[in-house]
Amino acid sequence: MRVLLTGGATGGHIYPALAMARYIRKENPTAEVLFVGAKGGMEEKIIPQAGFALQTLKVKGFPRRFTKALGKSIFLMVIAVINAVRILKRFKPDVIIGTGGFAAGPVVMAGLMYRKRIILHEQNVLPGLANRMFAPWVYRVCLSFDESKNYFRRRSNLYLTGNPRASEVVEVDKESARILLKLDTELPLVLAVGGSGGAEKLNKSVLDFLFLSVGNKNLQVLYITGEKYYEQVISRLKNGNIIEYYGGRLQVKAYQQEMPLAISAADLIITRAGATTLAELTALGRPAIVVPSPNVVHNHQLLNARELSTHGAASLLEEKELSGQALQKEVYRVLYNSYLLEEMAQKSRSLGCTDAVKNIYTHLFY
């Protein structure tokens, strides 16, 4: 079996595809797997490190407004489709799996031209432009959220499978996770994930929350700032003697390699509403305060956050309402109400789909 996976430029498109590739290799060790992504995208580092072959296409996303850049994007897309056809002729895939993003567009287009079996996966509630465009013509469209069905014209090829990333999340019991991370095993733990880009206000609000909560001895915080803001955050904490006041109850990191380990350790998570993050949260059944980024296409994180909030798995706090005080109020409301915390945890786990990768794999064959 030959499987071509395409999608990329961001982790939200790459990691689901990578989860599928690992599962295919486990279930069918003789399968040949090839990734096709965007030149200059994150996949150029991530995919080869994971041990998979990668070919790239020079392609750019289309601007949302009519500008001079649109002509260049169209030209690059045409060339990318021609190069994608060449890749298909050489590799001869039995199936193409597209996980969205502008990197997938040329490959899916080429696959349709040659009548290949194509399976698309959508990570967000609001489907991306490429997936919506190609959905009526492909073999299957696999969804992470049931709500996504409302955004597709054709319904007969839609299947709710979950996000493949959820299948790779391995839960560590809370006490063991905290020991590994050198955290107190008894104190309530808030995990705050600031994000590496577009999260300036979230980082500022988490900092303000830390200043406001400095006298609370019944609290510990693991704060992942993102590399972009780490030095800025550390400087402000040191200037205010906050690290000294918290002592061992505060850990600040630029990056956490094994995010599921940190999620397993936490009682409550403050985070953005990216599809991969939410897949991990729900797979592990953790309550969250979700602050969707307003800096994404079509504000799709807001719809992701609303899906969790509507089901009682998370508290939604929009960035326009965000402040240190608002964050403190919401954290305390949830964290120190054991009944609410447990109820949110159960509802979060009910939304998780740890069989997602297996569900998608079955669509390769029928």
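For the reader, a short list of remarks on this structure follows.
- Among (1) closer than 23 Å to Val297 by Cα; (2) without any contact (Cβ under 8 Å) to a residue 40 or more places away in the chain; (3) not in a strand (DSSP E or B), the one test that Arg165 misses: (2)
- Flag for Gln346 being loosely packed, with under 14 Cβ neighbours inside 10 Å, in contact (Cβ under 8 Å) with a residue 60 or more places away in the chain and in the same structural domain as Ile263 (by TED's automatic domain parsing): yes
- Whichever residue in the range 181-210 is surrounded by fewer than 18 Cβ atoms within 10 Å (Cβ to Cβ) and among the polar types (S, T, N, Q) and, among such residues, is modelled with the lowest pLDDT: Ser196
- Considering (1) among the polar types (S, T, N, Q); (2) without any contact (Cβ under 8 Å) to a residue 12 or more places away in the chain; (3) not in a helix (DSSP H, G or I), the lone condition that Asn150 does not fulfil carries the number (3).
- Those residues of the range 202-217 which are in a helix (DSSP H, G or I) and charged (D, E, K, R), in sequence order: Lys204, Asp208
- Among the candidates Ile234, Ile289, Ile269, residue that is of a type in the set (Val, Ile, Thr), in contact (Cβ under 8 Å) with a residue 12 or more places away in the chain, under 19 Å from Thr354 (Cβ atoms) and touching a strand residue (DSSP E or B) at 6+ places or on another chain (Cβ under 7 Å): Ile269
- Residue list for the range 1-17, restricted to those being under 25 Å from Tyr114 (Cβ atoms) and either under 18 Å from the mean Cα position of the chain (by Cα) or part of a loop (DSSP other than H, G, I, E, B) (or both): Met1, Leu5, Thr6, Gly7, Gly8, Ala9, His13, Ile14, Pro16, Ala17
- Of Tyr245, Tyr223, all but one fail to be assigned to a strand (DSSP E or B), of a type in the set (Phe, Trp, Tyr) and in the same structural domain as Gln328 (by TED's automatic domain parsing); the exception is Tyr223.
- Leading residue by the ranking (nearest to Arg22 (Cα to Cα)) among those in the range 153-179 that are among the hydrophobic types (A, V, I, L, M, F, W, C) and at pLDDT 95 or above: Leu160
- Among the residues of the range 310-334, the ones that are without any contact (Cβ under 8 Å) to a residue 60 or more places away in the chain and buried (at least 18 other Cβ atoms within 10 Å of the Cβ) come to 6 in all.
- Meets criteria (assigned to a loop (DSSP other than H, G, I, E, B), polar (S, T, N, Q) and at pLDDT 90 or above) for Thr56: no
- Within the option set Lys89, Lys26, being modelled with pLDDT of 90 or more, closer than 21 Å to Val138 by Cβ and among the basic types (Lys, Arg) holds for one residue only, Lys89.
- Flag for Val252 being touching a Phe, Trp or Tyr at 6+ places or on another chain (Cβ under 7 Å), in the same structural domain as Thr282 (by TED's automatic domain parsing) and assigned to a helix (DSSP H, G or I): no
- From the options Gly71, Gly40, Gly8, residue that is crowded, with 19+ Cβ neighbours inside 10 Å and modelled with pLDDT under 95: Gly8
- Every residue from the range 109-131 that is buried (at least 20 other Cβ atoms within 10 Å of the Cβ) and either within 22 Å of the chain's Cα centre (by Cα) or among the basic types (Lys, Arg) (or both): Ile119, Leu120, His121, Glu122, Gln123, Asn124, Val125, Leu126, Pro127, Gly128, Ala130, Asn131
The values are calculated or read from the model by the stated rules, or taken from the named source; none is laboratory data. This is a predicted model, so every value here is computed, not measured. For neighbour counting, all protein chains shown are included, and Cβ atoms are generated from backbone atoms with ideal geometry for every residue, glycine included.
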